[in-house]
1. Scan region 7-27 and report the pairs whose first residue is touching a residue at least 12 places away in the same chain (Cβ under 8 Å) and whose second residue is part of a helix (DSSP H, G or I) and of a type in the set (Ser, Thr, Tyr), with Cβ atoms within less than 9 Å and a gap of 6+ or a chain change.
2. If you scan region 1-18, which residues turn out to be under 15 Å from Val39 (Cα atoms) and aliphatic (A, V, I, L, M)?
3. Search region 1-51 for residues being in a helix (DSSP H, G or I) and among the basic types (Lys, Arg), and hand back the single one that is surrounded by the most Cβ atoms within 10 Å (Cβ to Cβ).
4. Mind listing just one residue for me: the one in region 28-41 that is of a type in the set (A, V, I, L, M, F, W, C) and without any contact (Cβ under 8 Å) to a residue 24 or more places away in the chain and, of those, nearest to Lys74 (Cα to Cα)?
5. Name the pairs: first residue in region 49-72 and within 11 Å of Gly25 (Cβ to Cβ), second residue in a loop (DSSP other than H, G, I, E, B), Cβ to Cβ under 6 Å, at least 6 apart or on different chains?
Amino acid sequence: MNQNEINDLMYEVSVLLEAVLYFAGVDKKYLRKAAEVYVEMIDEALDDKDLKGVDEVIEVVKFLKADHPEFFKK
């Protein structure tokens, strides 16, 4: 895989993460910041949990909702 393909994949993953957060209830104006915080808190959110795949994503979104309710639509 060359650098252009890697950059394209990184972009697509970031767009998908923002879409996941949008459908989880994040206000559109906070999507970019919420995605950044999501990535920063993955380890903390999954600490001592034996989750895999989509269950990891669900757990981090729940953690984000609890820790940063300001990102979510009222």
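Rule-based calculations on the coordinates, nothing more; no lab input. The structure displayed is predicted, hence computed values, not measured ones. Please note: Cβ atoms are built from the backbone with ideal geometry, for glycine as well, and neighbour counts cover all protein chains shown.
1. Listed by first residue and then by second, the contacts come to Leu17/Tyr38; Val20/Tyr38; Leu21/Tyr30; Leu21/Tyr38.
2. If the condition is that a residue be under 15 Å from Val39 (Cα atoms) and aliphatic (A, V, I, L, M), then Met10, Val13, Val15, Leu16, Leu17 are the ones that fit.
3. Taking region 1-51 and keeping what is in a helix (DSSP H, G or I), we get 3-23, 28-46.
Now restrict to residues that are among the basic types (Lys, Arg): 28-29, 32-33.
Numbers: Lys28: 10, Lys29: 9, Arg32: 12, Lys33: 14.
In this case the residue turns out to be Lys33.
4. Of all residues in region 28-41, those of a type in the set (A, V, I, L, M, F, W, C) come to 31, 34-35, 37, 39, 41.
From what's left, without any contact (Cβ under 8 Å) to a residue 24 or more places away in the chain: 31, 35, 39.
Working: Leu31: 15, Ala35: 19, Val39: 23 Å.
Per the stated criteria, the residue is Leu31.
5. Short answer, once both residue conditions are applied: Val61/Ala24; Phe72/Gly25.
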